[in-house]
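Just below is one structure, and these are the notes that go with it.
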Amino acid sequence: MVGGVGEPRTGAALPAGRQGGEPITRSFVENRSELRYNTSQLENIGIEHRCYNTQMTEIDNKFSSFRERWNDRASTWDTEILKPEHYANFEEGYHKFLDFETDVLDAFPKALVGIDLGCGTGIAAEPLSKRVDKLFLLDIAEQMLEEAKKKYPDAIFLHESATAIPLDDNSIDVAISRGVLISHLPQGEYPNFLSEVHRILRPGGLFIIDFLNNLQTADFHLSSEKTVFTREGITEELKKFGFGDLVFDGQDTSRVLRVATVK
């Protein structure tokens with residue numbers, strides 16, 4: 001890990017050996033704009049919150065199958081992923097993301113506000129929760145949010161799609177997304193996801209995600225068509241939406257790669 005107890009974090013670089021990008025060293029800017037909804041209101045809305053807008057009906061229809069599938073898995077998810085044979089543990093995906101997330105966050109300045117997009121039961125939010133003053137957890141499946149609430153009772157829960165995030169521009173310091181959400185989104189939706197993440201991040205804000213890179217590594221049944229990115233492909237997409245300073249984790253032959261980048 002990087003940045004042990006007592007070590008300065010501001011301006012710290014990621015450890016040598018990370019592939020494909022310069023170390024993340026950019027500091028956060030001081031300008032802190034207000035959230036679209038003020039914090040006191042959000043703290044009381046819980047998982048029932050919906051941000052109804054002109055796009056919501058279309059979004060609900062588009063993601064209804066995703067919501068149903070993940071709602072069905074919510075109550076047993078934390079137990080199921082303890083099994084070594086579970087697909088989420090292929091190539092130690094959970095552990096590698098948590099290690100990468102921790103390394104990057106330890107090398108980055110302290111953040112005030114963080115969000116986990118597609119948070120599920122909240123497992124990937126643990127390192128982030130320890131490093132921010134305010135944590136948002138967003139998922140399209142309300143039953144997943146119910147499970148996450150058991151782990152983070154003080155978090156703010158947003159029952160929303162990651163393609164329509166109900167927060168103001170420049171309001172988040174750190175956004176994470178584990179579970180190759182960008183690859184699971186319906187075809188053509190990932191640009192909306194990247195655009196929304198860029199919009200809510202403050203200048204210098206941090207974004208950590210994983211993505212499908214190679215589907216030839218195991219014989220998994222895919223429930224729907226997935227978007228697969230090469231290292232070069234995800235770099236092009238992220239830069240197109242205004243992200244830079246990319247740092248990758250993982251081998252090009254791996255099924256899933258991880259990347260950290262800044263706005």
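The values are calculated or read from the model by the stated rules, or taken from the named source; none is laboratory data. These numbers were taken from a predicted model, which means no experiment stands behind them. All Cβ positions, even for glycine, are placed from backbone atoms using ideal geometry, and neighbour counts span all protein chains on display.
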- If you check Glu225, Glu189, Glu196, which single one turns out to be modelled with pLDDT under 95 and either among the polar types (S, T, N, Q) or under 17 Å from Ser161 (Cβ atoms) (or both)? Glu189
- What single numbered condition from (1) within 22 Å of Ile200 (Cα to Cα); (2) touching a Gly at 6+ places or on another chain (Cβ under 6 Å) fails to hold for Leu145? (2)
- Item | Qualifying positions in region 74-116 - touching a residue at least 12 places away in the same chain (Cβ under 8 Å) and of a type in the set (Lys, Arg) | Lys96, Lys110
- Query: Among the numbered criteria (1) surrounded by fewer than 23 Cβ atoms within 10 Å (Cβ to Cβ); (2) under 15 Å from the mean Cα position of the chain (by Cα); (3) part of a loop (DSSP other than H, G, I, E, B); (4) of a type outside the set (A, V, I, L, M), which single criterion is violated by Ser195?
  - Reply: (3)
- Message: Residue under question is Gly17, and the condition is that it be in a loop (DSSP other than H, G, I, E, B), under 21 Å from Ser183 (Cβ atoms) and either in contact with a helix residue (DSSP H, G or I) (Cβ under 8 Å, 6 or more places away or on another chain) or at pLDDT below 50 (or both); does it hold?
- Response: no
- Restricting attention to region 199-214, the residues that are under 20 Å from Gly179 (Cβ atoms) and not hydrophobic (A, V, I, L, M, F, W, C) number exactly 3
- Query: Is there a residue being buried (at least 18 other Cβ atoms within 10 Å of the Cβ), more than 12 Å from the chain's Cα centre (by Cα) and among the aliphatic types (A, V, I, L, M) anywhere in region 123-131?
  - Reply: no
- Query: Which residue, of Arg178, Arg202, Arg258, is crowded, with 19+ Cβ neighbours inside 10 Å, closer than 25 Å to Asn71 by Cα and of a type in the set (Lys, Arg)?
  - Reply: Arg178
- Qualifying position, being at pLDDT below 95, over 13 Å from the mean Cα position of the chain (by Cα), surrounded by 22 or more Cβ atoms within 10 Å (Cβ to Cβ) and under 20 Å from Ile182 (Cβ atoms), among Gly93, Gly120: Gly93
- Looking only at region 70-90, which residues are assigned to a loop (DSSP other than H, G, I, E, B) and surrounded by fewer than 16 Cβ atoms within 10 Å (Cβ to Cβ)? Leu82, Lys83, Pro84, Glu85, His86
- Enumeration of residues in region 126-174 that are in a strand (DSSP E or B) and either without any contact (Cβ under 8 Å) to a residue 12 or more places away in the chain or touching a strand residue (DSSP E or B) at 6+ places or on another chain (Cβ under 6 Å) (or both): Lys134, Leu135, Phe136, Leu137, Leu138, Ile156, Phe157, Leu158, Ile172, Asp173, Val174
